[in-house]
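Since the structure comes first, as structure tokens, the remarks are kept for the end.
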Amino acid sequence: MRTAKQRKEALDLVRAGMSYAEAGRRTGIAGNTIRFWSVQAGLPPSRKPITFEPGQIIGNWQVIGEAKRNGPQKKRWVCKCLLCQENKLVLGESLKYGWSTKCANCSRRETGVKAREKWKRYCRSPEWHEKRKAVHEKQRQNGIAFWAKLKAERAAKAAAEAGEARTV
Ligand SMILES: [Zn+2]
């Protein structure tokens, strides 16, 4: 059980401008509990809401404005991807923490280009050349073995036929 004294102590820390997590670490109470208490006590949220100015550029995104919310969703922003000039909705936290820097199409395109460059580098490397050489050599040996086997079979068949002809 949390005592009223603990609760007062934690709320005093939040009032002094400390974040819930930090106050939790100080008092040994879960930060979420302190958040619950401070909401109950009617304190303003410790975290500032994430806002952006229209026209602000973050990565390859240009913020146009706040998106309409239908329901208790996370806040999204209408942003223009500067690479393909298309408008998309981006989560505020993705913009703030740099999780998103361009639209999904452009990011996929970039991944493809990177993969192709990596492949080009690899297929010109001696490592790749050695591997191919080993594969070709194995194929050559397989071919030699195949023809040798076929030749031996034909020879055996011809010998058997000759033997039959002699006995007849
Ligand atoms: Zn784009």
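No value in this document is a laboratory result; all are computed from the given coordinates. Small disclaimer: the values here were computed from a predicted structure and weren't measured. Glycine gets a Cβ as well: all are built from the backbone with ideal geometry, and neighbour counts include every protein chain shown.
Pairwise Cα distances in the range 3-90 exceed 14 Å in 69 percent of cases. Judged by the mean number of other Cβ atoms found within 10 Å, the most tightly packed of the peptides 68-75, 8-15 leads the ranking 8-15, 68-75. The gain in end-to-end length when the residue 165 to residue 15 segment is fully stretched comes to 42.8 nm, 0.36 nm per residue minus the alpha carbon separation. For the chain, the Cys residues with no second cysteine's beta carbon closer than 4.7 Å are 79, 84, 106, 123. In this simple spin-label approximation, residue 129 and residue 40 carry label points 7 Å from Cα along the Cα→Cβ vector, and these lie 7.4 nm apart. In terms of the mean number of neighbouring beta-carbon atoms within 10 Å, the peptides 31-44, 103-116 order highest first as 31-44, 103-116. Helical content alone sets the calculated 222 nm signal of the chain at -19500 deg cm²/dmol, taking -39,500 (n - 2.57) per DSSP H segment of four or more residues and averaging over every residue.
Can you pull the percent of Cα pairs in the chain with separation above 27 Å? Result: 66 percent of Cα pairs exceed 27 Å.
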